[in-house]
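The values are calculated or read from the model by the stated rules, or taken from the named source; none is laboratory data. These numbers were taken from a predicted model, which means no experiment stands behind them. As a convention, Cβ positions derive from the backbone with ideal geometry for all residues, glycine included, and neighbour counts pool all protein chains shown. Surface accessibility is based on the protein's heavy atoms, side chains included, excluding ligands, DNA and RNA. Shrake-Rupley method; radii C 1.70, N 1.55, O 1.52, S 1.80 Å.
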Amino acid sequence: MHTQIMDMASPPSGASSEQDGIPVVDLAVLLNGDAGERSQAIRHLGRACQHWGFFMVTNHGVPEALQSAMMDACRELFGLPPEEKAEFMDAGPMDPVRVGTGFNSAVDGARYWRDYVKMFAHPELHCPAKPDALRGVAAEYAARTRALLLDLTAAISESLGLHAGRVAERLDLGSCFQILVGNHYPPCAAGPGDDDDGAVGLPAHSDHGLLTLLCQNAVDGLQVMHDGRWLLAKPIPGAFFVIAGDQLEIVSNGRYKGVLHRALVDREQARMSCVSLIGPCLDAVVEPVPELAVPPLGLGLEFRGVKYRDYMEHQQSNKLNDKGALDLVRVQKRPAILYT
């Protein structure tokens, strides 16, 4: 596997101090490689999803200028006077545009050190009227990143031993849900590792969707859980982080895991990130692909079906709690009874 070794010389407290490799996926090989190259790349992608639930993607075709423009537009929105954002400040978890602090200020008391804007982007784009540049940039960013995520989904489907369109069919991704999120983490004197919730941008959680794409400015802070340790994720310039979400864990019948991750803030510099997340059609009932629940690919259902809209609303309406939302749909298997 092409593995980028991260420089962990000065990670925040709580992160690994060792050098840890994060898988790197070359999209150009997945799309245009010869048969042998593609086959190897598909296997690498499957191992990344199985063992990490997290990887970087390069040669993805989304211009760095567009990534910067999206970040700049979100930064401009955060700088607007409060009255120009007021109509979105009291929005609920299923409202198409939300601006706020923390995760869900109605339930977490805005304890987390973050400003955010969330915009539903597909099937229809919803966007604040200001700043003027935001709608055009968000529309292009949504379209480009959605296409990238759908390409990755097709390759992930193949890595599961299915045909390329199987996962998309099960989740009705032709009508997929997509959300764009801009995050701003102001500097905080109580840095990572201190006993102060103000140093936490977002606590440990897995994402409610299928796949999440994330880019950031030059300030690190994203950590992922791997082999029981928190690892600081440092990107290759121009690459995106890809985060496996809960719906991938469900549809793959637990073969691929939605990874736990968190955001810590810097003591001196503001961190920004832009997220593009896709999930199933909101009205799709998500359950494991049947082929993955029977031999030779599986050994029974690990999850019961759940409508994605209901799952997302539950996760977004409660305090983040690791993978607590996923546990609600996990099949509780009875221990085997031994007869003598």
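When H51 is tested against the conditions (1) open to solvent by 30 Å² or more (accessible area, probe 1.4 Å); (2) modelled with pLDDT under 95; (3) of a type outside the set (D, E), the lone failure is (2). Just one residue in the set A218, A263 is part of a loop (DSSP other than H, G, I, E, B) and of a type in the set (G, A, S); that residue is A218.
Being more than 10 Å from the chain's Cα centre (by Cα) and among the small types (G, A, S) is the requirement here; does A263 meet it? Against the criterion (more than 10 Å from the chain's Cα centre (by Cα) and among the small types (G, A, S)), A263 qualifies. Criterion applied to V306, V289, V285, V275 was being within 27 Å of G174 (Cα to Cα), open to solvent by less than 10 Å² (accessible area, probe 1.4 Å), β-branched (V, I, T) and modelled with pLDDT of 85 or more, and the one residue passing it is V289. Does S157 fit the bill of being open to solvent by 10 Å² or more (accessible area, probe 1.4 Å), among the polar types (S, T, N, Q) and closer than 30 Å to V289 by Cα? Taking the combined requirement at face value, the residue does not satisfy it.
Taking the range 223-235 as the range and being in contact with a Phe, Trp or Tyr (Cβ under 9 Å, 6 or more places away or on another chain), open to solvent by 10 Å² or more (accessible area, probe 1.4 Å) and in a loop (DSSP other than H, G, I, E, B) as the test, only P235 passes. Across the range 70-89, the number of residues qualifying as in contact (Cβ under 8 Å) with a residue 40 or more places away in the chain and open to solvent by 90 Å² or more (accessible area, probe 1.4 Å) comes to 2. The residues listed here are G238, G193; of these, the one that is in contact with a Gly (Cβ under 8 Å, 6 or more places away or on another chain), surrounded by fewer than 21 Cβ atoms within 10 Å (Cβ to Cβ) and at pLDDT below 95 is G193. Residues in the range 251-262 that are surrounded by fewer than 24 Cβ atoms within 10 Å (Cβ to Cβ) and small (G, A, S): G254 alone. Restricting A65, A106 to those that are small (G, A, S) and modelled with pLDDT of 95 or more reduces the list to A65.
I'd like to verify a number: residues in the range 276-292 that are in a strand (DSSP E or B) and either over 24 Å from V117 (Cβ atoms) or of a type in the set (A, V, I, L, M) (or both), how many? Going through the range 276-292 one residue at a time, the tally reaches 4. All of L297, L248, L301 fail the test of being among the aliphatic types (A, V, I, L, M) and within 27 Å of V117 (Cα to Cα), apart from L248.
So, R170, is that one assigned to a helix (DSSP H, G or I), touching a helix residue (DSSP H, G or I) at 6+ places or on another chain (Cβ under 7 Å), open to solvent by 10 Å² or more (accessible area, probe 1.4 Å) and over 24 Å from R47 (Cβ atoms) or not? Spell out the reasoning first.
Working: assigned to a helix (DSSP H, G or I): yes; touching a helix residue (DSSP H, G or I) at 6+ places or on another chain (Cβ under 7 Å): yes; open to solvent by 10 Å² or more (accessible area, probe 1.4 Å): yes; over 24 Å from R47 (Cβ atoms): no.
The answer is no for R170.
How many residues are among the aliphatic types (A, V, I, L, M) and modelled with pLDDT under 85 when one looks only at the range 109-133?
Looking only at that region, the number is 1.
Only residues that are of a type in the set (D, E, K, R) and in contact (Cβ under 8 Å) with a residue 60 or more places away in the chain were counted in the range 37-68, giving 2.
Given L213, L248, which one is assigned to a strand (DSSP E or B) and either open to solvent by less than 20 Å² (accessible area, probe 1.4 Å) or free of Cβ contacts under 8 Å to residues at least 12 places away in the same chain (or both)?
On the way: L248 fails: assigned to a strand (DSSP E or B).
One residue alone meets the criteria, L213.
Yes/no per residue for (1) open to solvent by 20 Å² or more (accessible area, probe 1.4 Å); (2) in contact with a Leu (Cβ under 7 Å, 6 or more places away or on another chain); (3) touching a residue at least 60 places away in the same chain (Cβ under 8 Å); (4) not hydrophobic (A, V, I, L, M, F, W, C):
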residue	(1), (2), (3), (4)
A121	no, yes, yes, no
H126	yes, no, no, yes
L134	no, yes, yes, no
A143	yes, no, no, no
L152	no, yes, yes, no
S175	yes, no, yes, yes
I179	no, yes, yes, no
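Note on the range 1-25: residues that are surrounded by fewer than 20 Cβ atoms within 10 Å (Cβ to Cβ) and either at pLDDT 95 or above or of a type in the set (A, V, I, L, M, F, W, C) (or both) total 5.
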